[in-house]
Amino acid sequence: MRNQLIKSMGYQLLDMMYMDKNGGVSKRRMKVIQVGEGSFRAFCYLRQSKRTFLIGNVLALVPVITKESRVV
């Protein structure tokens, strides 16, 4: 999980399923800013702010793929 966060840092949007400290699960769209040993900082588009997440609470990470428009 940590390696995927490092690879996406700074440019790749990710969709994340995350479990909070109370056991609630949420889906977040984010852009990773910094990765530490047990946590990472990311811009969270749901909250519109920089947030800190625990790597151990990440349930799933999926890169956001967008189709580029082509002018013909």
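Coordinate-derived values only; no laboratory data. Note that this is a predicted model, so its numbers are computed, not measured. Positions of Cβ are generated from backbone atoms using ideal geometry, with glycine treated the same way; all protein chains shown enter the neighbour counts.
A few points about this structure:
- Mean separation of Cα contacts under 8 Å (6+ apart) over length of the chain, as relative contact order %: 31
- Looking at the chain alone, DSSP beta bridges between its own residues are antiparallel in about 100 percent of cases.
- Each of 33, 61, 3 was scored by the projection of its Cα onto the charge dipole of the chain, and the greatest displacement toward the positive side belongs to 33; charges sit on the C-beta of Lys, Arg, Asp and Glu.
- Computed magnitude of the charge dipole of the chain (debye, nearest 20; Cβ of K, R +1, Cβ of D, E -1): 180
- Overall form of the chain per C-alpha gyration tensor (a/c, 1.5; a/b vs b/c): prolate
- 222 nm mean residue ellipticity, helices alone, for the chain (DSSP H n ≥ 4; -39,500 (n - 2.57); rounded to 500): -2500 deg cm²/dmol
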